[in-house]
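In what follows, a structure is listed as structure tokens, so that the remarks can point back to it.
The values are calculated or read from the model by the stated rules, or taken from the named source; none is laboratory data. Keep in mind that this is a model prediction, so the values were computed, not measured. Cβ sites come from the backbone with ideal geometry, for glycine too, and all protein chains shown count toward neighbours. Protein only, heavy atoms only, side chains kept; ligands, DNA and RNA dropped before computing areas. Shrake-Rupley method; radii C 1.70, N 1.55, O 1.52, S 1.80 Å.
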Amino acid sequence: MSTPWHILGAGSLGTLWATRLARAGVPVRLILRDDTRLAGYRASKGLTLVEHGVAHTYAVAGETSDSPEPIHRLLVACKAYDAQNAVAQLHHRLVPDAELILLQNGLGSQDAVAAQLPLARCIFASSTEGAFRDGDWRVVFAGHGHTWLGDAAHPTPPVWLDDLHAAGIPHQWSADILTRLWRKLALNCAINPLTVLYNCRNRELQAHQCEVATLCAELSELLECCGQPAAAEGLQQDVERVIHATAANYSSMYQDVANARRTEISYLLGYACQAAARHHLKLPHLQQLQVRLIELLVARGLPRD
Ligand code: NAP
């Protein structure tokens, strides 16, 4: 039998990957937070994927971190702020040369995970797929997209990309995954915090073009300074394109705040501001944006990080 995929986190993306891999006959094990979640999962019929309005349920095996089986391949599908602790709980089960695929948005969590497993291969991913949970163990495939995967230290693609192909997960091995992650972070910093502060859909940022342009100029300066000039190229035009293309959408950060969920601010705007401070770079508008956003989060009773 081929190497099983252990999937850490039965949330939106974890379920989206687990169901498609299982559908293709690839062995999958779902790792749940604790015995209570496992009991809840076992009482269900499995994981359900709703695609084009049609629901299919897959009987994926569930377990907790206490299960004895060694882990060779781990898809980390937690939020950025949970990734490090969640992986630490599995430390004793990971074989020394394990492969981890890190799906987290933003930057910072990937390096934190990699630092605790110096012998493992950590593959970073950046995805434009969109999914949300409309019930426990059930995910709606809301936006078809693409996933880029890469390993800045070792450019050789892993053999298991064949599993993704078999599962119909659109993907590409990327030689410049860090550039992609930085670019996505910059797009996120220019759009998402403003949608929270102005309490609006992406479309309404067209009325704040000057503010968006100023942020893009500062973000471009940051990217250049961080050795990512390719991620800075044409940033403002790309931001304007994304705002236009996603005009009717609410950003992920807007949705987190609207649903009183913790945001991933520390791995997005927070990471950008910290990188600027490390380089003694003064980016007043970006820093002010962070202050305003944190004030709003605190006023809503949400974590500031
Ligand atoms: P999510 O729906 O909140 O799922 C996260 C899952 O991780 C939850 O099921 C949570 O368990 C689980 N988890 C947390 N700590 C755990 C632990 N110690 N052990 C086991 N499970 C644990 O999040 P998501 O939307 O899939 O997002 C995951 C990452 O992908 C984020 O960084 C996000 O920004 C990124 N992303 C998401 C999308 C999307 O469309 N959803 C698109 C692109 C990128 P419980 O269910 O028990 O709380």
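Some points to look at:
- Apportionment of accessible area to carbon and sulfur, the chain, percent (1.4 Å): 52
- Excluding same-chain neighbours fewer than eight residues apart, the lysines reachable from Lys79 by a Cα-Cα span under 18 Å are Lys184.
- Total formal charge among the other residues, if their Cβ is under 15 angstrom from that of Ala10, Lys/Arg +1 and Asp/Glu -1: +3
- Of all DSSP beta bridges confined to the chain, the antiparallel ones make up roughly 35%.
- Each part gets one Cα centre, and for the range 204-273 versus the range 1-75 those centres are 32 Å apart.
- Taking the Cα centre of the chain as origin and assigning +1 to Lys and Arg Cβ atoms and -1 to Asp and Glu Cβ atoms, the resulting dipole is close to 580 debye.
- Using bins of 10 Å that start at zero, the share of Cα-Cα pairs per bin across the chain amounts to 6, 26, 35, 24, 9, 0, in whole %.
- Using a probe of 1.4 Å on the protein chains alone, the accessible area found for Val95 is around 30 Å².
- Sorting Phe132, Phe124 by solvent-accessible area of protein heavy atoms yields Phe132, Phe124, largest first, with a 1.4 Å probe.
- Nearest-10 value in Å² for the accessible area of Ile101, using the 1.4 Å probe: 0
- Remark: the range 5-175 carries 43 Å² of accessible area per residue (probe radius 1.4 Å; ligands, DNA and RNA excluded).
- Each of Ala22, Leu119, Ala190 was scored by the projection of its Cα onto the charge dipole of the chain, and the greatest displacement toward the positive side belongs to Ala22; charges sit on the C-beta of Lys, Arg, Asp and Glu.
- Overall, the range 5-175 carries a charge dipole of about 320 debye about its Cα centre when +1 sits on the Cβ of Lys and Arg and -1 on the Cβ of Asp and Glu, all other atoms neutral.
- Taking amide H atoms as placed 1.01 Å from N in the peptide plane, the amide H of Ile123 lies under 5 Å from those of Leu100, Ile101, Leu102, each 5 or more residues away in sequence or on another chain.
- Over the range 179-299, accessible surface divided per residue gives 47 Å², non-protein components excluded, 1.4 Å probe.
- Per residue, the convex hull around the alpha carbon atoms of the range 156-209 comes to 115 Å³.
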